[in-house]
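The values are calculated or read from the model by the stated rules, or taken from the named source; none is laboratory data. Note that the structure is a prediction, hence the values are computed from the model and not measured. Glycine also receives a Cβ, built like all others from the backbone with ideal geometry; neighbour counts cover every protein chain displayed. Areas reflect the complete protein model, heavy atoms only, side chains present, ligands, DNA and RNA absent. Shrake-Rupley method; radii C 1.70, N 1.55, O 1.52, S 1.80 Å.
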Amino acid sequence: MCTEGAFPHRSACSLPLTHVHTHIHVCVPVLWGSVPWGMKLQCVSLWLLGTILILCSVDNHGLRRCLISTDMHHIEESFQEIKRAIQAKDTFPNVTILSTLETLQIIKPLDVCCVTKNLLEFYVDRVFKDHQEPNPKILRKVSSIANSFLYMQKTLRQCQEQRQCHCRQEATNATRVIHDNYDQLEVRAAAIKSLGELDVFLAWINKNHEVTSSA
């Protein structure tokens, strides 16, 4: 608020901007020097606390800004209905692609978005395409899951285009291990194995993402 008599001969309102700026720089140190030491410490503590809260808020926002909007419960139900039939076709029960992958369990929060995007691409571009299913009921369930994955994939691709889904080397290494495991098996056997372990990926999504319902 501008008041007359704040400066000799002229009001604060009539001073040029450069002069007002100069007076502000002069006055602030003088006023701060008159503040008691205890009050200074309190002000500094409050400032530090406010800064920490702001940084934490920004960090949490950064980790949660790429939300997966889909009906995860529906996907899990669809998989549970075909899980036994899929796993019964697995001719390599002692081999795993996802289920014992320790790398997936220690993914850092910054890499969650990228790893999720990469695994969605893995299932859409390789597993679902390589799988050949003669049973119409199972095929319908797999197709439903594939469509849900495509929807999630589109969401995370948009995040990546907006530079909100960073892919670091750790994320690339984790998904490369999964592809290497897949390549060690014959194509059809690898597809069956990966479908049978789909619950591992779904559980990982639920654990690491803030999932919102699309319904």
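Give the accessible area for residue 129 in Å² (nearest 10); use a 1.4 Å probe, count only protein heavy atoms, and leave out ligands, DNA and RNA.
140
Where the convex hull is taken over the Cα atoms of segment 72-214, what is its projected area averaged over directions, in nm²?
8.2
Quick one: if you stick a label point 7 Å off each Cα along the C-beta vector at residue 206 and residue 184, how many nm between them?
In this crude spin-label approximation the distance works out to 2.8 nm.
At most 16 other Cβ atoms within 10 Å and a DSSP loop assignment: could you name the GluC sites (Glu not before Pro) in segment 139-215 that fit?
Of the GluC sites (Glu not before Pro), the ones in loops of segment 139-215 whose Cβ has at most 16 other Cβ atoms within 10 Å are 186, 210.
From the protein chains alone at 1.4 Å, what is the descending order of accessible area for 83, 193, largest first?
83, 193
Would you rank 159, 167 by solvent-accessible area, highest first, keeping every protein chain in place and using a 1.4 Å probe? All intermediate terms of the calculation are to be shown ahead of the outcome.
Details: 159 10, 167 65 Å².
In descending accessible area the options line up as 167, 159.
At 1.4 Å probe size, what's the solvent-accessible area of residue 139? Round to the nearest 10 Å².
Roughly 80 Å² of residue 139 is accessible to a 1.4 Å probe.
At 7 Å along Cα-to-Cβ for each site, give me the label-to-label distance between residue 80 and residue 129 in nm.
Modelled inter-label distance: 3.2 nm.
Quick one: if the Förster radius is 30 Å, what FRET efficiency do residue 168 and residue 99 give, using the C-beta to C-beta distance and rounding to 0.05? Before the final figure, lay out each step's value.
Details: r = 24 Å, r/R0 = 0.81.
Result of the calculation: an efficiency of 0.80.
Computing the accessible area with a 1.4 Å probe over protein heavy atoms, can you report the carbon and sulfur percentage for segment 72-214?
Exposed carbon and sulfur together represent 49 percent of the surface.
How much accessible area does residue 66 have with a 1.4 Å probe, in Å² rounded to the nearest 10?
So the heavy atoms of residue 66 present about 10 Å² to solvent.
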